[in-house]
1. What pairs come out if I take residues in region 115-140 that are closer than 11 Å to Leu237 by Cβ and pair them with residues that are aliphatic (A, V, I, L, M) whose C-beta lies under 6 Å away, six or more apart or interchain?
2. Within region 287-298, which residues are at pLDDT 95 or above and open to solvent by 60 Å² or more (accessible area, probe 1.4 Å)?
3. Test of understanding: among Ile277, Ile233, Ile273, which residue is free of Cβ contacts under 8 Å to residues at least 12 places away in the same chain and outside any strand (DSSP E or B)?
4. Answer yes or no: is there a residue in region 249-257 that is open to solvent by 60 Å² or more (accessible area, probe 1.4 Å) and either free of Cβ contacts under 8 Å to residues at least 60 places away in the same chain or part of a helix (DSSP H, G or I) (or both).
5. Limited to region 81-92, what total is found for residues that are among the β-branched types (Val, Ile, Thr) and open to solvent by 40 Å² or more (accessible area, probe 1.4 Å)?
6. Ile18 - would you say it is over 19 Å from the mean Cα position of the chain (by Cα), open to solvent by 30 Å² or more (accessible area, probe 1.4 Å) and without any contact (Cβ under 8 Å) to a residue 40 or more places away in the chain?
7. For region 117-226, please list each of the helices (runs of 4 or more DSSP H) lying entirely inside it that holds at least 3 residues being open to solvent by less than 20 Å² (accessible area, probe 1.4 Å) and either under 26 Å from Lys283 (Cα atoms) or at pLDDT 95 or above (or both).
Amino acid sequence: MYIEQGYRGNIGLWKYFIIPLGFIGFMTFNYILTINSDINVEDAMASMIDKLGTNIVLIILLAPLVAGLFVVLGWTILVHQQSITSLTTSRKKIDWKRVFFAFTLWGGLTVLITLIDIFASPDDYVFNFNFPKFIVLAVITILLIPLQTSFEEYLFRGHMMQGLGILTKNKWVPLIITSTLFGLMHIANPEVEKLGYGIMVYYIGTGFFLGILTLMDEGLELALGFHAANNLITALLVTADWTAFQTDSIYRDISQPVLGLDVLVPVLVIFPILLFIFSKKYKWSDWKERLFGKVMRKEEFLAVENGDPS
C-alpha cells in the first residue's frame, strides 16, 4: 500500500501539483532554449569545462537537483505534514538494506559490463586515471550524486506517484505518467542531441523499470539504490565528451556514438532480469494487483490500518 501512504499527510490534491508543474515548466523552458539556440550543446559544455574545469561544471549541473531534493522533502514535511518515511516506503521504517542491496547489485553489474566492453573493444577507450583529480571527483560525486538521484526518485516515484494514485484511485495511470515524464526530463541531455530521439526509449524504459520496482516492492528503497549506483558508478568509471556527465573518470569513451539496437538491451533484457532477481529475493506476488490494481479511498486505508479490513 505504498501509494496510500500519502493519506498519512494533510491531504489536499492541489499540493501535489505545485512542485511537479514548476519542475516540468523549468525543464520545458530549458528544452525550448536548447533547441532554438545556435550553440551546440556539446560545444557549450566543452567551453564551460575549459573555463571552469570538469569538477566545477559537475557541481553546477548537480546543484539545482540537490536543492530540489530539499524542496521536495521540505514541502512534504511542512505543507503535506507527512513524514519522510511514509513518502519513502509502506514499511514502518526505511529499509536501508534494500537500498544498499540494489546499489551493490547494480553497481557491481555496471562495473562488470563496462570492463567486459573495455576488454572487448580496447580501441574505444582511453585510460584516463589521474589520482589527485579522481579523489576530488570521488568526493564530489559521493556527496552530491546520491542527493541528485534521490531528488528524481522522491519527485517522480514518491511525490507524483502518490499524488496521481490518490487522484485517479488506480496504479497504472501514475506508473505510466511518472515513467514517461521521467524519460522526457532527459530530452535536453547532450546524449539526445548526439544520438537522436531514439535514446528516449532507454530513458522512458528506465522510468518504467523504476516505477515497477517501486510499486512491486511497496517503497522507494530499491529505486533509490539502483539510481544512485547507476549515476555514481558511471561518473567515476567512464564518461565521454558527448554525455551529460563529463568527469575525470577512470576511462574515457572515445568511440563514435551510434544509436543501435543496443539501446533496447537494458529495457528488454537487463531490466527484466533485475526484476526477476528482486522478485525472488523479496518474494513478490500478485503482480497484476500491485501494478494495475485500485488505490484505496482514505477511509478504506485507515480502516485497514486500524485492523478493520471490512
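1. Tyr125/Ile118; Phe129/Ile250
2. Result: Trp287, Lys288, Glu289, Phe292, Lys294.
3. So the residue among Ile277, Ile233, Ile273 that is free of Cβ contacts under 8 Å to residues at least 12 places away in the same chain and outside any strand (DSSP E or B) is Ile273.
4. Yes, because at least one residue in region 249-257 is open to solvent by 60 Å² or more (accessible area, probe 1.4 Å) and either free of Cβ contacts under 8 Å to residues at least 60 places away in the same chain or part of a helix (DSSP H, G or I) (or both).
5. Of the residues in region 81-92, 2 are among the β-branched types (Val, Ile, Thr) and open to solvent by 40 Å² or more (accessible area, probe 1.4 Å).
6. no
7. On the way: elements: 131-152, 161-168, 172-184, 190-195, 200-217.
In region 117-226, 131-152, 161-168, 172-184, 200-217 are the helices (runs of 4 or more DSSP H) which contain 3 or more residues that are open to solvent by less than 20 Å² (accessible area, probe 1.4 Å) and either under 26 Å from Lys283 (Cα atoms) or at pLDDT 95 or above (or both).
For (1) among the hydrophobic types (A, V, I, L, M, F, W, C); (2) surrounded by 13 or more Cβ atoms within 10 Å (Cβ to Cβ); (3) under 30 Å from Lys294 (Cα atoms), each residue gets a yes or a no:
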residue	(1), (2), (3)
Glu4	no, yes, yes
Gly9	no, yes, yes
Ile24	yes, yes, yes
Asn36	no, no, no
Ala44	yes, yes, no
Leu69	yes, yes, yes
Val79	yes, yes, yes
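The values are calculated or read from the model by the stated rules, or taken from the named source; none is laboratory data. In this text the structure is predicted, and so the values were computed from the model without any measurement. Cβ sites come from the backbone with ideal geometry, for glycine too, and all protein chains shown count toward neighbours. When the accessible area is computed, the model is the full protein with side chains, heavy atoms only, and any ligands, DNA or RNA have been set aside. Shrake-Rupley method; radii C 1.70, N 1.55, O 1.52, S 1.80 Å.
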